[in-house]
1. What is the sum of charges, Lys and Arg at +1 and Asp and Glu at -1, for the other residues whose Cβ falls under 9 Å from the Cβ of residue B:787?
2. Would you tally the net charge around residue B:666, using a Cβ to Cβ cut-off of less than 12 Å, leaving residue B:666 out, and scoring K and R as +1, D and E as -1?
3. Round to the nearest 0.05 the FRET efficiency obtained for residue B:454 and residue B:2 when R0 = 25 Å and r is the Cβ-Cβ distance.
4. Which links in B:154/B:393; B:117/B:393; B:43/B:154; B:43/B:117; B:69/B:140 stretch past 19 Å when you go from one Cα to the other?
5. For a label point 7 Å from the Cα of residue B:776 along Cα→C-beta, name the residues of the stretch B:591-613 whose backbone N is under 13 Å from it.
6. Just how far, in whole angstrom, is the stretch B:43-81 from the stretch B:202-245 if you go by their alpha carbon centroids?
7. Direction-averaged shadow area of the convex hull around the Cα atoms of the stretch B:759-809, nm²?
8. Please report the spacing between the Cα centers of the stretch B:691-713 and the stretch B:728-753 in Å, no decimals.
Amino acid sequence: MEEQILTPIIGSEDGQAVLSTWSVKAGDHIDIGQIIGSIETNKAVLDLESTKKGVIKALLVAAGTEIADLQPLVTVIVES
Amino acid sequence: MVKTLAVDPEEVRKSKVIHLGQIPVNSFSQTFIQSLTQLGKDKVIFSFRTMLIIREFELMLEEIKKLGKYQETAFKYAGPAHLSIGQEASAVGQALALDTVDIILGSHRSHGETLAKGLFAIDKLSDQELTKIFEAPETKHIIKNFNSSKITKKEKAIEVFLFGLISEIFGKETGFNKGLGGSMHAFYTPFGIYPNNAIVGGSAPIATGIALYNRVQRKNNVVIANIGDASSACGPVWESMNFAAMGQFKTNKEKKINGGLPIVYFFVNNFYGMGGQPIGETMGYENLARVGAGINPDRLHTEVVDGNNIFAVHDAITRAKKIIAQGKGPVLIDCQTYRFSGHSPSDASSYRTKEEIDSWRDVDPIKILETDILNNNLLLPQEIEEMHLQVKKLTFDAFVKAIDDKISPRLPLHSNPEIIGNLTFNNTSKEIDFSYAAETLMDPLQTQRVKSTNNKSRIGKDQNGILSGVKAITFRDALFEPILEHAIHDDSLVIYGEENRDWGGAFGVYRGLTEVLPSHRLFNSPIAEAAIVGTAVGYAMAGGRALIELMYADFIGRAGDEIFNQLAKWQAMSGGILKLPVVLRISVGSKYGAQHSQDWSSLLTHISGLKVIYPATAFDAKGLMASALESNDPVVFVENQRLYDNVETINISGVPQEYYKIEIGKPAIVRAGKDLTIFSVGACLIRALEAAEVLENKWNISTEVIDARSLVPFDPDLLIKSVSKTKKLICISDACERGNWLHGIMNLIYEKNSNDLENKISSVMAPNWITPAAEQEWNYFPSVENILDAVLDQGITLLGRVRTIQNDSLNNFKKGI
Ligand SMILES: Cc1ncc(C[n+]2csc(CCOP(=O)(O)OP(=O)(O)O)c2C)c(N)n1
Ligand SMILES: [Mg+2]
């Protein structure tokens, strides 16, 4: 089954954030809580943690893209 | 500290006992002969004579207060005289162990410590050095009517010193600080005597800040905070002791600046406040010294010392200096002594028995030393008698000169009351030296922060509209840029506050600075607002420059004394001798309810001695921060949290990359117009501009919008000109209505534009009650709707619009809201 990992609600004034780096790629196996990338806001650089366990089907945004709260970032083929 | 201090649950949850250890009481056991051999006859006799001078000096003040004369010469003095008769050994024992460069600060009862430190300095300095000091620009006003050739003689120097102190007490221009400090605030920095303080415990944070300066600037002198026993109840005193003992001074990663701060908290314990008794009545302890054990595992090396024995005090300070030299400070000394005199001359001493006072007179420190001196044949009885007479003459000579209006005039305030006003600010600055490279940990250009800022657009708009804060420079970035610039070019600048390192301040303004600055120049303070501000005052007094932060304006109350009485007052109280280059960043919150959303900019302007800046655009934030950081005056820099993420869309040319300054005190026309003027304070500017846009588009009304930018000082010319053109004025501010700074501006405009105004001025301010929850904020703070209502009040027709809310100011006055 496919599920998505969303941008967390960052709580910055207007959700302004950039997906600054990916540390995983399509085909990688990921676990819940694993750091899969970083998000840069004006206030801080935050780790993006996986909320799913499974294999990455696709990264939905390129590094350097502006992202909004709750925007889908990764499609994962989840393991049950 | 980031990921270096692990919190281990196994360790935390273990059963164990905390050992507090022991605190020595009166451990000094040296005989007089031993002390004499150690110190030599000259020092012992000099100490004795210094005690006599202090005693006579204070008897002089007592006689004047009680009888209106001294040695039959009449003089009236209306001010305070908190005497330390009986406590002389504490003051002299201390000075005996200190070097001239060591620094003391004191309390309302510190004539003794001041005299002792001064006399020992005179004893140690050469005639040449003394002449240089007395003729230096900051001190030459004292001797302006003296024949200075005679001052080179030490005995004359002592008389001048007494004269300077007496003149200060009597409020004369020839006083140490031009008579603007008085009895409780005298100081004389060339001899290492920094301000005494009329606020109980007030010297603790300032002394701690001077110690911070000594540590950061790698100086070896120690600082002594002389404070009373009753001040051991004061929050700022505890905050200071903890600040000086902060763990990070010992675990500093870079190992360059290590060890607790070089300071002694010297409690002059006379067992009374005014009449209340700390031990057994107002405190929980049975011994003041116990508080040391609460601060750190070293118990602050606390000792209880016999304050009636100069040798015991000398020994304790000497050892404290050794502890401090090893980086193991701070130190607490509980110096037990007793004042025979009342709290003040009007004190009837109803709170203690005559028997108690007599029993302490039996151990009068002067008597004790005199007996030792006589018994050991250091002086003959008649020599002591002569010394007494000679000290009386010395005091009298200084007194007579100090009351002589020809030698010692008063400031001519009747003809020129602004003399004091003009000492409030020095209006000088220290420009950034771009050729100097301060100590840094890495090249700022290599930090993620600077890399991403450098990639951003300097203008907040492009052909597609407004850019986001990750694409364009924000207000937050605009603040960061000059701060970084000053930090990397000035080693004397320290930056601290709550969560300032690593986190970068609660709102991320300092993000990236942690990588650049060593941890002694950018650090996390304890959650101790009084200590944050008070130490910055001391740091600046000592010659440094401090950038500090209070996370929310609402926390100003926690640092009330330090902001209002210390930061704001010392420049004027020192007669312009001290400079306090401190930038206090304060952010105004939103969305967090009544204790986190108050705009207290008006409150700050009520306090004389603070410059208050409140920018609303990224362009202004950058230029004004640069000016604040180079200013030698204390500046409060108010930032509204609503603005941090804003990109620059108001100043169309954006935020220049290069360093630039905007003059403090100048408002700006943000939008030109002809029908109406809106004058805005702080973040209201955004709403004022929105209202102006609506007025233009819907009703074709041309509005001039002026942003105050600075509240103190403030040049009103631009506003006056605007009102003479538009003839209508609306003022807007997020601060509460009662006591709002704008009322003063409105009065001024009524006066200056009396013939221009077509209507009474309208104002839109927050009401005099608490801020509601986030979702309801716009029913509280001035909104665009409120501004449009005010436009109606100006007699302007806005077709299709009627007033939304009625404001019953008369009734609100009656109700107190
Ligand atoms: C903050 C503050 N509260 C109260 C006072 C009024 N006051 C002046 S001296 C004093 C007693 C201080 O006792 P202590 O600290 O032991 O010093 P001592 O007078 O004994 O030298 C008080 C309550 C003050 N000056 N400052
Ligand atoms: Mg006391």
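1. With Lys, Arg at +1 and Asp, Glu at -1, the neighbours total -2.
2. Its environment carries a net charge of -3.
3. Efficiency at R0 = 25 Å is approximately 0.50.
4. Values: B:154/B:393 16 Å; B:117/B:393 21 Å; B:43/B:154 15 Å; B:43/B:117 14 Å; B:69/B:140 29 Å.
Flagged as over cut-off: B:117/B:393; B:69/B:140.
5. B:593-594
6. Their Cα centres are 30 Å away from one another.
7. The orientation-averaged projected area of the Cα hull of the stretch B:759-809 comes to 4.1 nm².
8. Each part's Cα centre sits 15 Å from the other's.
The values are calculated or read from the model by the stated rules, or taken from the named source; none is laboratory data. Computed from a predicted model, the values in this text were never measured in an experiment. For neighbour counting, all protein chains shown are included, and Cβ atoms are generated from backbone atoms with ideal geometry for every residue, glycine included. In case anyone asks, the SASA skips ligands and DNA or RNA and just uses the protein heavy atoms, side chains included. Shrake-Rupley method; radii C 1.70, N 1.55, O 1.52, S 1.80 Å.
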